[in-house]
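Here the structure comes first, spelled out in structure tokens, and everything after it is commentary.
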Amino acid sequence: MSRIRTGGVALLAVALLAPLTACGTTGGSDAKEITVYSADGLKSEDGSGFYDRVFRDFEKRTGIKVKYVEGGSGEMVQRLARERSNTKADVVVTLPPFIQQADGKGLLEAYRPKGSEKVAPGDKDPSGKWTSVVNNYFCFIYNTKELKSPPKTWNDLLDDRFKGKLQYSTPGVAGDGTAVLIKAMRDFGGKEPAMEYLKKLQRNNVGPSSSTGQLAPRTDKGELLVANGDVQMNFADMASMPHQGIFFPAAEGGKPSTFPLPYAAGLVKSAPHADNARKFLDHLLSEDVQRQASSVAGGFAARTDVKATDKNAEALADIMRGTEIFRPDWADIDRNLTSYVDAWKSATGS
């Protein structure tokens, strides 16, 4: 189940554009349908993915059909903003900081789905504008065939053996690429020291990539030795890409660490099928669906009371064991993202 994810450039829009054009004018509030705009990573090409099952089950239970449009988190928010005067989407699902960006643009309506009271405070908006539906974490990957063990620290990535064999997706464009910037600033103690490091790392970096998902197959083949990613996407890829391993680089003298990159869902303001959308958000946070977050999606349940015991959950627990979890200040990142990305461009010459 190979995925391609970006934070700001759409890579795939499922072939629903003609129906979408009509849904704002002919669908009506009574139509048995909803439209979901979502970041990629939860739907598979063979129909066995998390969204595939969730959509089928939702339609079976309610009679409500799901129309689906997929792309980068940033692109989905941009599309909502363009369509503000003729809203077509009912639900939006993105990674941070783009769900906060959607809220800041006034594109979300407050709704607390059933089950959201079981979601940790840090994984939902206090005013009810969004809530995490599948938890996920930032990571790096390495080629397990070429490297006996993963690099332990950021400084290990400066080694000459990674020259032309290391790549991370572009901050400000790819969601996981933006995550590289966030973690570096945290581990190095601020923007300036992080940029000094990333300037040094640039001599090993292959170059820009708008897609994080494209880096996984290249790492599996050995074209790259190290790349960035996220746990849910890379864990799910392991079935078809067995030569990649997940690791979390540490600051010098520190422990491996990471931070949550959840799939967060919100009700779109002026949604044409708002009642149906609320039912769908309730469905996403139902116990049954939350158990599928690990068993099907290869991620983590958003509800703290859902304790998965499937094989995927056990494997994911092993991957995360011993890793420190921190929570970024998403409000700060939302406010200052442009300046952070501009500093990165200046430091790396990108």
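Bear in mind that the values in this text are calculations on the coordinates, not laboratory data. None of these values were measured; they are calculated from a predicted model. Please note: Cβ atoms are built from the backbone with ideal geometry, for glycine as well, and neighbour counts cover all protein chains shown.
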Residue order, fewest to most beta carbons within 10 Å, for L166, L267: L267, L166
Kindly write out, for region 274-281 in residue order, the coupling ³J(HN,Hα) from the Karplus curve 6.51 cos²θ - 1.76 cosθ + 1.60 (θ = phi - 60°), rounded to whole Hz, with x marking Gly and Pro. 4, 4, 5, 5, 5, 4, 5, 5
Relative contact order for the chain: what percent, with Cα pairs under 8 Å and sequence separation of 6 or more? 26
Which net charge results when you count Lys and Arg as +1 and Asp and Glu as -1 among the other residues whose beta-carbon is under 11 Å from that of I246? -3
Pop the C-beta distance of D57 and D310 into the FRET formula with R0 = 22 Å and round what comes out to the nearest 0.05. 0.80
Would you please state the base-10 log of I(q)/I(0) at q = 0.07, 0.15 1/Å for the chain, with intensities from the Debye formula using one equal scatterer on every alpha carbon? -0.27, -1.27
Neighbour-count order for H243, H283, H273, fewest beta carbons within 10 angstrom listed first: H243, H283, H273
Report the charge-dipole magnitude of the chain in Debye, nearest 20, computed about the Cα centre from +1 at each Lys and Arg Cβ and -1 at each Asp and Glu Cβ. 180
List the residues whose amide H sits under 5 Å from the amide H of V134, counting only those 5 or more places along or on another chain, with H placed 1.01 Å from N in the peptide plane. Y263
Show me 219-231, 336-348, 99-111 ranked by packing, highest mean number of other Cβ atoms within 10 Å first. 219-231, 99-111, 336-348
Least to most buried among I325, I182 (fewest other Cβ within 10 Å first): I325, I182
Amide N proximity, region 310-350 versus A81 label position 7 Å along Cα-to-Cβ, cut-off under 19 Å: 330-343
Please build a GNM for the chain, connecting alpha carbons under 10 Å apart, and tell me which residue among R321, R56, R79 fluctuates the most. R321
³J(HN,Hα) computed for each position of region 234-246 - Karplus, 6.51 cos²θ - 1.76 cosθ + 1.60, integer Hz, glycine/proline x: 6, 5, 5, 6, 4, 4, 9, 10, x, 9, 10, x, 9
Run the quick spin-label model on D159 and K255: label points 7 Å from Cα toward the beta carbon, then report their separation in nm to one decimal. 2.4
Quick one: length gained pulling E45 to H243 fully straight, 0.36 nm per residue minus the C-alpha distance? 69.1 nm
If the elastic network links every pair of Cα atoms under 10 Å, which of N155, N234, N312 fluctuates the most in the Gaussian network model of the chain? N155
Measure nothing but the geometry: give the 0 to 90° angle between the long axis through the Cα atoms of 50-62 and the longest principal axis through the Cα atoms of the chain, rounded to 10°. 10
Using a basic spin-label model with each label point 7 Å from the Cα along Cα→Cβ, how many nm lie between E287 and K105? 3.8
